[in-house]
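Visitor: The structure under discussion is supplied below as structure tokens; questions concerning it will follow.
The values are calculated or read from the model by the stated rules, or taken from the named source; none is laboratory data. Not measured: the values here are computed from a predicted model. Cβ: placed from backbone, ideal geometry, glycine included. Neighbour counts: every protein chain shown. Note: areas computed on protein heavy atoms with side chains; ligands, DNA, RNA excluded. Shrake-Rupley method; radii C 1.70, N 1.55, O 1.52, S 1.80 Å.
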Amino acid sequence: MKADSSLASVVIYSPNNSGKRVYPLTRISVHCVVGQCIAYSAGMIFANPDFEASSNYGIGKDGSIGQYVPEAYRSWCTSSYDNDNRAITIEVASDIDAPYKVTDAAYKALIKLLVDICRRNDKKKLLWFGDKDQSLSYSPKPDELVMTVHRWFANKSCPGDYLYNLHGTIAAEVTKQLTGSAASVSAAAAAAAAPASSSSARKETASLSAVDHAESGYTISTKQAMAVQILLNAYGYKGKDGKALTVDGAFGVNTEYAVVQYQKKNKVPSDGIVGPVTWNLLLGSN
Ligand SMILES: [Zn+2]
């Protein structure tokens with residue numbers, strides 16, 4: 001299947017979607033991955049049906065753009081039936097700690113992708129109200145998209161304060177480019193100029209933020225372990241039994257063995273534990 005956006009260099013369709021959205025497209029939800037992934041690795045994780053989560057698009061630390069769910073389809077991303085049926089969802093690679101900073105390459109790719117999405121869907125304005133009630137009660141005009149954030153629908157800090165504080169800047173920049181005057185601002189400059197919001201006290205889960213997006217019974221650690229198993233399989237690592245890992249989220253002897261092999265190959269401490277270094281390495285390579 002062809003990507004909706006010509007900007008998508010990675011197209012890995014995920015089975016984790018509900019088919020055609022039941023409401024018209026009126027929203028955009030930008031998320032933070034909580035890991036410096038590339039578009040490919042996020043796509044590989046979402047491609048696994050057991051993972052039960054997805055997003056329409058993903059943006060890597062290198063600015064790579066992936067499409068995982070068609071724009072006309074509902075992704076499983078924001079922990080909200082009402083929102084995901086109205087929104088195009090975008091996961092952006094980020095640091096694993098608050099404020100979940102994103103790279104300049106990822107920020108620039110996000111702006112480009114948003115402009116592209118708006119153009120192809122006949123939208124002229126991207127709006128950010130910075131208030132949940134106002135955003136959800138607003139009736140967008142046919143040429144408007146409203147930005148919403150995951151933290152309004154779940155006990156999460158997503159999209160992280162770094163991107164959250166940039167939402168007004170992002171909306172203004174995208175709208176400006178849609179109306180003709182093209183100017184691009186770096187993420188760092190935009191962050192410096194953006195008004196700081198009250199910091200969210202919530203801690204983002206140290207894992208692909210999508211891991212607990214699914215409306216499923218999996219715990220976060222189980223989902224993160226599933227992501228690890230999926231990626232190790234994708235990179236060709238085997239368990240102690242010589243077989244591909246079972247994607248069950250159980251961090252058993254075979255998974256630990258494969259992690260140690262992966263760590264040895266990548267010359268990082270081979271303790272069999274997926275900490276920040278190994279997690280970012282798994283997400284950031286292929
Ligand atoms: Zn999120």
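Visitor: With a 10 Å cut-off between alpha carbons and a GNM built on the chain, which of Ser80, Ser29, Ser55 moves the most?
Guide: Of Ser80, Ser29, Ser55, the most mobile in the Gaussian network model is Ser80.
Visitor: Highest first, please rank the peptides 272-279, 224-231 by the mean number of other Cβ atoms sitting within 10 Å of their residues.
Guide: In descending order of packing, they fall as 224-231, 272-279.
Visitor: Moving on to the next point. Calculate the FRET efficiency for Asp97 and Asp271 from the Cβ-Cβ distance with a Förster distance of 22 Å, rounded to the nearest 0.05.
Guide: Result of the calculation: an efficiency of 0.60.
Visitor: Right, next: What's the carbon and sulfur percent of the chain's accessible surface, probe 1.4 angstrom, rounded to a whole number? Mind dumping the intermediate values first?
Guide: On the way: 6260 of 11660 Å².
Heavy-atom surface of the chain belonging to carbon and sulfur, 1.4 Å probe: 54 percent.
Visitor: Please determine, in degrees from 0 to 90 and to the nearest 10, the orientation of helix 253-265 with respect to the longest principal axis defined by the Cα atoms of the chain, where the helix direction is its Cα long axis.
Guide: 80 degrees
Visitor: When the chain is treated as a GNM, springs tying every alpha-carbon pair under 10 Å, which of Lys112, Lys156, Lys265 comes out with the largest mean-square fluctuation?
Guide: Result: Lys265 has the largest fluctuation of those listed.
Visitor: Separate question: Rounded to the nearest 10 Å², what accessible area does Ser9 have for a 1.4 Å probe in the complete protein model?
Guide: Roughly 90 Å² of Ser9 is accessible to a 1.4 Å probe.
Visitor: What angle, in degrees between 0 and 90 and rounded to the nearest 10, separates the Cα long axis of helix 220-234 from the longest principal axis of the Cα atoms of the chain?
Guide: 70 degrees
Visitor: Another question, then. For the range 218-286, what is the convex hull volume of its Cα atoms per residue in Å³?
Guide: Values: hull volume 5.2 nm³, N = 69.
That works out to 76 Å³ per residue.
Visitor: Still on this structure, please answer the following. What do you reckon, how do Glu144, Glu52, Glu256 stack up by accessible area (1.4 Å probe), largest on top? Numbers along the way, then the final one.
Guide: Details: Glu144 5, Glu52 65, Glu256 85 Å².
I get Glu256, Glu52, Glu144, largest accessible area first.
Visitor: Can I ask one more? Is it possible to state the helix-based mean residue ellipticity at 222 nm for the chain, with each DSSP H run of 4+ residues giving -39500 (n - 2.57), the sum divided by total residues, to the nearest 500 deg cm²/dmol? What is it? All intermediate terms of the calculation are to be shown ahead of the outcome.
Guide: On the way: 9 runs with 98 residues, N = 286.
So the calculated ellipticity at 222 nm is -10500 deg cm²/dmol.
Visitor: So what does Asp131 come to for accessible area, using a 1.4 Å probe and Å² rounded to 10?
Guide: Accessible surface of Asp131 is approximately 70 Å².
Visitor: Then there is this: Dipole of the range 10-193, Cα-centred, from +1 at each Lys and Arg C-beta and -1 at each Asp and Glu C-beta, to the nearest 20 debye? If you can, show how the numbers build up before the last one.
Guide: Working: 19 positive and 18 negative charges, 104 e Å.
Result for the range 10-193 is approximately 500 debye, rounded to the nearest 20.
Visitor: Can you list residues from other chains, or at least 5 along the same chain, whose modelled amide H is less than 5 Å from the amide H of Ser64?
Guide: Result for Ser64 returns Ala39.
Visitor: Still on this model: Past the 33 angstrom mark, what percentage of all C-alpha to C-alpha distances in the chain do you count? Display every interim value, and only then the final one.
Guide: Working: 7442 of 40755 pairs.
More than 33 Å apart: 18 percent of the Cα pairs in the chain.
Visitor: While we're here: With springs only between Cα atoms under 10 Å apart, run a GNM on the chain and tell me which of Gly180, Gly43, Gly239 wobbles the most.
Guide: Gly180
Visitor: So what does the Cα-only Debye profile of the range 118-163 read at q = 0.15, 0.16, 0.31, 0.33 Å⁻¹, as log10 I(q)/I(0), no solvent term?
Guide: Relative scattering, expressed as log10 I(q)/I(0), comes to -0.45, -0.50, -1.10, -1.15.
Visitor: Could I ask something else about it? Can you put Lys123, Lys132, Lys267 in order of accessible area, largest first, using a 1.4 Å probe? Please list the in-between numbers first.
Guide: Numbers: Lys123 25, Lys132 80, Lys267 175 Å².
Sorted by accessible area, descending: Lys267, Lys132, Lys123.
Visitor: Also, I was wondering about something else. Could you work out the relative contact order of the chain? I mean the mean sequence separation of Cα pairs under 8 Å and 6+ apart, divided by the number of residues, in percent.
Guide: Values: 618 pairs, mean separation 58.5, N = 286.
RCO, the chain: 20 percent.
Visitor: Which of Ala8, Ser270, Phe46 sits closest to the plus end of the dipole of the chain, meaning its Cα is farthest towards the positive end, when Lys and Arg get +1 and Asp and Glu get -1 on the C-beta?
Guide: Ranked along the dipole, the leading option is Ala8.
Visitor: Still on this structure: Using alpha carbons only, how many degrees (0 to 90, rounded to 10) separate the axis of helix 104-120 from the longest principal axis of the chain?
Guide: 50 degrees
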